[in-house]
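Everything below concerns the one structure shown next.
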Amino acid sequence: MSREMMNALVKTARGEENLHYQKWPKPTAGAGDIVVKIHACGICNSDLHIDNFLIRPPFVLGHEFSGTVESVGEGVHDFKVGDPVVSITAVQTCETCEWCRQGLRMHCDDRYNIGTGRDGGFAEYMVIPAKQAFHVPDGVSLDTAALCEPLACVVRGVIERTSVKAGDYVLVSGCGVMGQLTAMVAKLSGAIVFMTGLSTDEKRLETAKKIGVEAVIMADITDPEEELKKRTDGEGVHVAFECTGVTAGADTCLRCLRKTGSFTQIALYNKPIPFDWDLAMKKEIQLTTCIASERSSWLIALRLLQYKLVDPSVLVGEPLKISQWEEGWRRMLAKEDFKILLYPDKD
Ligand SMILES: [Zn+2]
Ligand SMILES: [Zn+2]
């Protein structure tokens with residue numbers, strides 16, 4: 001019996017050219033699994049240059065999915081056909097190492113993330129262990145649910161790894177999707193949020209104003225340190241979130257922080273960068289990092305969506321089909337959209 005096939009965006013080998021929209025076996029549910037009928041899957045900036053990551057080709061790309069349960073495997077009782085679902089990214093880990101036992105799955109050395117280590121969401125269907133899935137809360141659309149993954153990553157950095165208090169001055173360096181989500185989540189704590197970008201980011205900085213950022217600073221025109229000293233009490237911000245992954249962003253955060261402030265790195269640099277440690281020490285800056293998200297981050301992110309505390313759907317551009325992925329890549333690389341959702345083609 002030949003296996004049923006579906007359409008998928010497959011990373012066939014290392015190298016940027018090795019990404020193809022093609023036929024791929026339709027997954028089936030083993031014991032404890034659910035097969036998800038994909039509703040949508042968002043393009044992540046990490047998808048654009050996926051070779052930078054620990055990948056295991058061939059696999060179906062995409063980790064920012066939402067969908068409904070298509071079928072359930074033996075022993076699955078908490079999900080039934082038709083249920084709307086999302087899931088964490090590190091769905092497959094060893095389950096026995098110290099980090100797995102502590103629930104810190106991103107630290108398992110033997111992890112297979114969806115969309116890098118095993119088949120992801122740019123397809124008609126995908127299979128995941130049911131125990132790593134979440135029910136999408138009532139009132140949250142599947143379009144919005146597809147944004148839960150980037151939101152969970154921001155929750156990890158802003159809520160779980162950093163302390164932002166009401167009345168804190170906060171700087172978000174970078175006005176891309178992670179910067180905008182970081183601003184939204186920081187504002188929930190009652191912080192006064194500023195954002196830096198470049199003059200070429202004018203449109204994106206306009207969005208920031210719409211979501212309630214107090215002021216945006218074009219760092220190539222106005223010195224953020226001077227400007228923020230004026231806008232705070234002369235001391236700079238209490239907390240800085242670095243969401244650009246470029247050296248200048250780290251430098252801006254460090255300079256704009258007040259003494260004893262805290263610095264959280266949200267974006268990856270993908271290379272070593274110079275950093276003024278002496279300045280950080282003289283100010284007694286607290287440095288924090290975060291990597292992706294854990295199950296705990298997802299539970300918070302889902303509640304933020306359920307109770308409409310954040311609305312990430314304002315960051316989504318015109319929808320595309322998975323077969324139009326090249327246009328999606330182009331728009332993301334040209335920074336025309338913060339986020340694009342790709343939908344399975346109906347054929
Ligand atoms: Zn992502
Ligand atoms: Zn482990």
Checklist entry - Using a basic spin-label model with each label point 7 Å from the Cα along Cα→Cβ, how many nm lie between Y307 and D278? => result 4.7
Checklist outcome for this item: Given 246-258, 324-336, the highest-first ranking by average Cβ count within 10 Å works out to 246-258, 324-336
Item to check | Interchain or long-range residues, amide H under 5 Å from V237's placed H | outcome: L257, R258
Checklist entry - Of Y343, Q306, A250, which is farthest along the charge dipole of the chain in the positive direction, counting Lys and Arg as +1 and Asp and Glu as -1 at C-beta? => result Q306
Checklist outcome for this item: Going residue by residue through the range 241-248, the Karplus relation 6.51 cos²θ - 1.76 cosθ + 1.60 with θ = phi - 60° gives ³J(HN,Hα) values, rounded to whole Hz and with x marking Gly or Pro, of 10, 9, 10, 9, x, 10, 3, 4
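Under the √(5λ) rule applied to the eigenvalues of the Cα gyration tensor, what semi-axes describe the equivalent ellipsoid of the range 252-347? Give them in Å, descending. The partial results should precede the final answer.
Numbers: eigenvalues 253, 78, 31 Å².
Output for the range 252-347: semi-axes of 36, 20, 12 Å.
For the range 26-82, build the convex hull from the C-alpha positions and give me its volume per residue in Å³.
Details: hull volume 5.9 nm³, N = 57.
Spelled out: Cα convex hull of the range 26-82, divided by residues, is 104 Å³.
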Checklist entry - Per residue, how much accessible area does the chain show when a 1.4 Å probe rolls over the protein heavy atoms, in square angstrom? => result 45
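Only Lys, Arg, Asp and Glu count, each charged at its Cβ (+1, +1, -1, -1), so figure out the dipole size of the range 162-289 about its Cα centre, rounded to 20 debye. Can you show the working numbers first?
On the way: 15 positive and 17 negative charges, 70 e Å.
Here the size comes out at about 340 debye.
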Checklist outcome for this item: In the range 258-347 the accessible area split gives carbon plus sulfur, as whole percent at 1.4 Å, a share of 55
Checklist entry - Quick one: length gained pulling D143 to K23 fully straight, 0.36 nm per residue minus the C-alpha distance? => result 40.7 nm
Item to check | Rg to Rh quotient for the chain, alpha carbon positions, Kirkwood Rh | outcome: 0.98
Item to check | Karplus-derived HN-Hα couplings along the range 8-23 (A = 6.51, B = -1.76, C = 1.60, θ = phi - 60°), whole Hz, x at Gly and Pro | outcome: 7, 9, 10, 8, 7, 6, 5, x, 4, 6, 8, 10, 9, 7, 7, 6
Next on the checklist: Antiparallel versus total DSSP beta bridges in the chain: what percent is that, nearest 5?
Outcome noted: 55
Checklist outcome for this item: Computed ³J(HN,Hα) along the range 211-216: with the Karplus parameters 6.51/-1.76/1.60, θ = phi - 60°, integer Hz and x for glycine or proline, the list is 8, x, 5, 4, 7, 10
Item to check | Interchain or long-range residues, amide H under 5 Å from V86's placed H | outcome: F134, V136
Checklist outcome for this item: For the range 92-210, the percent of accessible surface on carbon and sulfur atoms (probe 1.4 angstrom, ligands and nucleic acids excluded) is 47
Checklist entry - In whole percent, how big is the carbon plus sulfur part of the accessible area of the range 1-85, probe 1.4 Å, protein atoms only? => result 54
Checklist entry - Given charges of +1 on the Cβ of Lys and Arg and -1 on the Cβ of Asp and Glu, with all other atoms neutral, how large is the dipole of the chain about its Cα centre, in debye to the nearest 20? => result 400
Checklist entry - So who's got an amide H within less than 5 Å of the one on S71, skipping anything under 5 residues away but keeping other chains? H placed 1.01 Å off N, in plane. => result V35
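The values are calculated or read from the model by the stated rules, or taken from the named source; none is laboratory data. Keep in mind that this is a model prediction, so the values were computed, not measured. Cβ sites come from the backbone with ideal geometry, for glycine too, and all protein chains shown count toward neighbours. Note: areas computed on protein heavy atoms with side chains; ligands, DNA, RNA excluded. Shrake-Rupley method; radii C 1.70, N 1.55, O 1.52, S 1.80 Å.
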